[in-house]
Structure formats: structure tokens, C-alpha cells
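K.L.:
Can you read through this structure? Questions will come right after.
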Amino acid sequence: MSAFQLKSLQRRLENLSNEAKNELDRTCGHELWVSLGFDAFDNLDDPERRATANYYYGQWQTVRELKEVLG
């Protein structure tokens with residue numbers, strides 16, 4: 001992978017991470033999910049909001065793992 005491709009991938013991963021974080025903040029109404037993880041979503045009464053939070057948390061976790069591997 002060229003340096004340009006790697007930089008582009010890192011930029012796209014950062015965009016995905018920011019999108020997921022913003023959606024989680026909006027869905028949960030707070031940033032406690034960062035430290036609590038799935039426990040923060042269990043308190044959401046609306047099943048749709050809980051599903052949205054789980055989706056974006058999975059996206060956020062995947063991006064974090066990919067960024068670790070890429071350095």
C-alpha cells in the first residue's frame with residue numbers, strides 16, 4: 001500500500017469514527033458511552049435508539065481496531 005493510499009484510508013477511518021461518535025453522543029444524549037460501552041445503551045427505553053446506538057458502537061469499535069492495526 002502506498003503512502004498516499006494509507007493516508008487516504010486513515011482519513012476515511014477518522015471520518016467514520018467521527019460520524020459514529022457524533023451519532024452515539026446524539027442517540028445517548030451524553031458521552032458516558034465512551035467509558036460504559038454497551039451498558040450505556042441498556043438504559044435507553046426506545047428500542048430503535050438502542051439499535052442505532054449498538055450499530056454505531058460497532059462501527060466505532062471496528063474503526064478503532066483497524067486504526068490500531070494500521071498504526
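K.L.:
How large is the accessible surface per residue of the chain, computed with a 1.4 Å probe and reported in Å² as a whole number?
P.N.:
71
K.L.:
Near LEU6, within a Cβ-to-Cβ distance under 13 Å, what is the net charge of the other residues, with Lys and Arg +1 and Asp and Glu -1? Please report the intermediate quantities before stating the final value.
P.N.:
Values: positive: LYS7, ARG11, ARG12, LYS67; negative: GLU14.
Local charge sum for LEU6: +3.
K.L.:
What part of the accessible area of the chain, given as a whole %, is carbon or sulfur when the probe is 1.4 angstrom? Mind showing how you got there, number by number?
P.N.:
Values: 2590 of 5010 Å².
On the chain, the fraction of accessible area on carbon and sulfur atoms equals 52 percent.
K.L.:
Between THR62 and ARG49, what is the label-point separation in nm under the 7 Å Cα-to-beta-carbon projection?
P.N.:
For ARG49 paired with THR62, the spin-label model returns 2.5 nm.
K.L.:
Binning at 5 Å from 0, report for region 1-42 what percent of all alpha-carbon pair distances ends up in each bin.
P.N.:
Histogramming region 1-42 at 5 Å steps yields 5, 23, 20, 16, 11, 10, 9, 6, 0 percent.
K.L.:
At 222 nm, what helix-only mean residue ellipticity would the chain give, in deg cm²/dmol to the nearest 500, using -39500 (n - 2.57) for each DSSP H run of four or more?
P.N.:
Values: 4 runs with 59 residues, N = 71.
It comes out at -27000 deg cm²/dmol, rounded to the nearest 500.
K.L.:
Can you give the FRET efficiency for HIS30 and LEU6, using 1/(1 + (r/R0)^6), R0 = 35 Å, r = Cβ-Cβ distance, to the nearest 0.05?
P.N.:
Computed FRET efficiency for HIS30 and LEU6: 0.55.
K.L.:
What value in Å³ per residue do you get for the convex hull of the alpha-carbon atoms in the chain?
P.N.:
On the way: hull volume 5.4 nm³, N = 71.
In the chain, the Cα hull volume divided by residue count equals 76 Å³.
K.L.:
Identify, among ALA20, ALA40, HIS30, the residue whose Cα sits farthest towards the positive end of the charge dipole of the chain, taking +1 on the Cβ of Lys and Arg and -1 on the Cβ of Asp and Glu, with the dipole about the Cα centre.
P.N.:
With unit charges placed on the Cβ atoms, the residue in question is ALA20.
K.L.:
Once you charge only the Cβ atoms, +1 for Lys and Arg and -1 for Asp and Glu, what is the size of the charge dipole of the chain about its Cα centre, to the nearest 20 debye? Can you show the working numbers first?
P.N.:
Details: 9 positive and 12 negative charges, 99 e Å.
With Lys and Arg at +1 and Asp and Glu at -1, about 480 debye.
The values are calculated or read from the model by the stated rules, or taken from the named source; none is laboratory data. Keep in mind that this is a model prediction, so the values were computed, not measured. All Cβ positions, even for glycine, are placed from backbone atoms using ideal geometry, and neighbour counts span all protein chains on display. With ligands, DNA and RNA removed, areas are computed over all heavy atoms of the protein, side chains included. Shrake-Rupley method; radii C 1.70, N 1.55, O 1.52, S 1.80 Å.
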